[in-house]
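A quick write-up on the structure given underneath.
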Ligand SMILES: Nc1ncnc2c1ncn2[C@@H]1O[C@H](COP(=O)(O)OP(=O)(O)OP(=O)(O)O)[C@@H](O)[C@H]1O
Ligand SMILES: [Mg+2]
């Protein structure tokens, strides 16, 4: 019966050419992609650039020996399994090989059947490990399922466009005030993209010094500088076949902007201290809460980089410009906190809802989320009341409606009613439906009051 083809990427290292050729033939026949090397040095270089499943290495070689190959392989590619073969087998060497993480130790002369069997088992282990990893990533994605809550028309349209452009590989710039959901939208784009199965990584470009940022993004070769004792892959490389989010991209130093531009154009990068370009296939997303045009004119942002990143731009509206989402989002956060803490869901008093509808939310959705979280923690019974809101929110209205204690001349109820309705209309930009909602009366009653109080609705 014909044996099943293995399909394994197998590296064979032996400085004795006859043995090397022999094994190469045998395993090619088994259906392996064989990479043979007569020097440990060359083999290690290849390990850095190719995904090798199993390494079959001789122990005693000129230059770098099998132990060193084993050690390096575990460092560079921990999932790769290494089988050590030797003609000078002693119990001590066997123990050291196993301690260094070898899959198996084979003494020469060996039976070919035995080596074939060991390679097959090592390859099965590698495949299992990878499948496991994929499964784990899937669970992560499922856990981090992105849920953008909105009923606002502009946002609905934005999300529709986002789903359309997500499947192309173009770079996207997401603008918007702090807390408007830029990172959330980036995750949404990744999840709807063709790279959704790949990693989603992010870095805050404003949080690092120039050197650290370069190191994080591009990685370095071993010996690139004092202290660089090992090769380190940067985030761009690690995000291969996935998405990299450059958060606060406009905070990136100029010199780095040049390097990044090159990566975007060439689809390859040089690690620090490196000379051999590494090919990459990464989707770039970037965010900023500043106005890119102003930054270009001030020279902080390179125009060429801007054009590269900004193949598509999304401008997330502030929460105060989509007031229709406030209560919906507040309820969403109440649901979420109840679910996370496995507690019954708390509710807001009508008064709280009115305050929230009034508030301008300089910190946008994140601020609303914090307000709700705080309210849930402070409210001992099931209802979140005004007393559980931060003063920054409650002050807003109290500042406008004069405190009675400070008044020398006390207004009539009618006068006070007039003041308040005027104030609410001002807040809602004259939108009577919204004003009636806040006031807790219907539109007709509002009209009636406007007329009887002789209110100027302009
Ligand atoms: N439409 C939404 N639906 C549900 N949650 C949202 C929505 N928008 C934002 N959030 C939540 O609000 C918080 C802030 O969002 P995010 O971190 O994406 O904002 P950002 O614009 O990246 O903020 P910053 O500029 O401060 O980095 C997050 O917890 C996010 O999950
Ligand atoms: Mg963010």
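Values in this text are rule-based calculations from the coordinates and carry no lab data. What you see is a predicted model, and the numbers here were worked out from it, not measured in a lab. With ideal geometry, Cβ positions are generated from the backbone for all residues, glycine too; neighbour counts draw on all protein chains shown.
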Computed FRET value (nearest 0.05) for residue 201 with residue 96, which takes r as the C-beta separation and R₀ as 41 Å: 0.65
Using r as the Cβ-Cβ distance of residue 383 and residue 112, and R0 as 60 Å, what FRET efficiency do you calculate, to the nearest 0.05? 0.20
Could you pull the Cα extents of region 248-386 along its three principal axes, largest to smallest, in whole Å? 65, 35, 22
Which shape class applies to region 9-135: rounded if a/c is under 1.5, otherwise prolate when a/b exceeds b/c and oblate if not, where a ≥ b ≥ c are the square roots of the Cα gyration tensor eigenvalues? rounded
What value in Å³ per residue do you get for the convex hull of the alpha-carbon atoms in the chain? 233 Å³
How many nm separate the modelled label positions at residue 445 and residue 373, each set 7 Å beyond the Cα in the direction of the Cβ? 3.7 nm
Which value does Rg/Rh take for region 306-349 over its C-alpha atoms, Rh per Kirkwood? 1.27
Separation of region 342-358 and region 204-230 by C-alpha centroid, Å? 47 Å
Quick one: give the max-minus-min coordinate of the C-alpha atoms of region 98-227 along each principal axis, largest first, in Å. 74, 39, 24
Projected-area average for region 249-313 over all orientations - Cα convex hull basis, square nanometres: 4.7 nm²
Could you give me the percent of Cα pairs per 10 Å distance bin for region 323-452, shortest bin first, beginning at zero and ending with the bin that holds the maximum distance? 11, 38, 32, 16, 3, 0
Using just the C-alpha positions of region 153-317 as equal point scatterers, what log10 of I(q)/I(0) does the Debye formula give at each q in 0.13, 0.15, 0.17 1/Å? -0.60, -0.80, -1.01
Distance in nm between label sites at residue 433 and residue 341, each 7 Å beyond Cα in the beta-carbon direction? 3.5 nm
Once label points are set 7 Å from the Cα along Cα→Cβ at both residue 238 and residue 327, what is their separation, rounded to one decimal in nm? 4.5 nm
Estimate the FRET efficiency between residue 417 and residue 395 by the formula 1/(1 + (r/R0)^6), using the beta-carbon distance for r and 22 Å for R0, to the nearest 0.05. 0.50
Expressed in nm to one decimal, what extension gain is obtained for the pair residue 360 and residue 5 from 0.36 nm per residue of sequence separation less their Cα-Cα distance? 121.2 nm
